[in-house]
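Step one of this worksheet: look at the structure below.
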Amino acid sequence: DTEWLTVEQVTDGWRSRSILANNEYQRGSKWRAEQQKLLMDSLFRGYPLPRFYFQVKEEKGVLGGTNTTLDVIDGQQRIIAMASFRDDHWPLADPKDLRLPRSVRLRPCPWAGRTFSQLDQSLRQEFLQTKLPVVMIEEAGSPDDIRDLFIRLQAGTALTRQEVRDAWPGGLGPYVERLAGKLE
């Protein structure tokens, strides 16, 4: 089942190390700055994000209680981007400088060029209270089941440059295909 956690809960968990990368198969930060900034822009525009997948791990604590942590199965790059932005590591891009359709670039964008701490209080709260879809894996048959899930989630095929151009509004994609003799 999909549960919902806020950006604040996820980034707090990342900071406190109650949400962890599984170093057996997770890599470090790999996204370019532009990818991170586009994710933040997507959040502020209210675009839905893909689900995050966490494995719930419970261990007996030093004092006899139970410690619960969440291992990231999918979503680490998104978490790193959200936490880095929240920690003021970089300002958001101005959409006019991003590769976006013209109609999107021209919409009002009060977050453009600002770090998290430079945002108006209402925008900071909007960001922190954004709900993220999360799948919690509480029981797995074996660690191999989790690795298999990770591999399957990563197995998507990236869009080609032409497929990205085809998704842009207007007739550029069909025009290029006609020039190349692919459309009749």
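Each reported figure results from applying straightforward, stated rules to the coordinates on display, with no laboratory input. Note that the structure is a prediction, hence the values are computed from the model and not measured. Glycine also receives a Cβ, built like all others from the backbone with ideal geometry; neighbour counts cover every protein chain displayed.
Observations, loosely collected:
- Correct option for volume of the Cα convex hull per residue in Å³ [calculated from the coordinates] among (i) 175; (ii) 162; (iii) 131: (ii)
- Value at 222 nm in deg cm²/dmol, rounded to 500, when DSSP H runs of n ≥ 4 in the chain each add -39,500 (n - 2.57): -11000 deg cm²/dmol
- Straight-distance candidates among the aspartates and glutamates for linking to K57, with alpha-carbon spacing under 16 Å and chain neighbours fewer than 8 residues away dropped: E24, D71, D74, E138, E139, D144, D145.
- Annotation: peptides 71-84, 120-133, 99-112, ranked by per-residue average of other Cβ atoms within 10 Å with the highest first, follow the order 71-84, 120-133, 99-112.
- A simple spin-label model places the labels of A140 and V56 1.5 nm from each other, with each point 7 Å out along Cα-to-Cβ.
- Positive end of the dipole of the chain (Cβ unit charges, origin at the Cα centre): among L49, A83, S122, the Cα lying farthest that way belongs to S122.
- Cross-link partners of K96 among lysines, defined as those whose alpha carbon lies under 26 angstrom from its own and excluding same-chain residues fewer than eight positions apart: K30, K37.
- With the highest mean first, a sort of the peptides 5-15, 59-69, 135-145, 32-42 on other beta-carbon atoms found within 10 angstrom per residue produces 5-15, 32-42, 135-145, 59-69.
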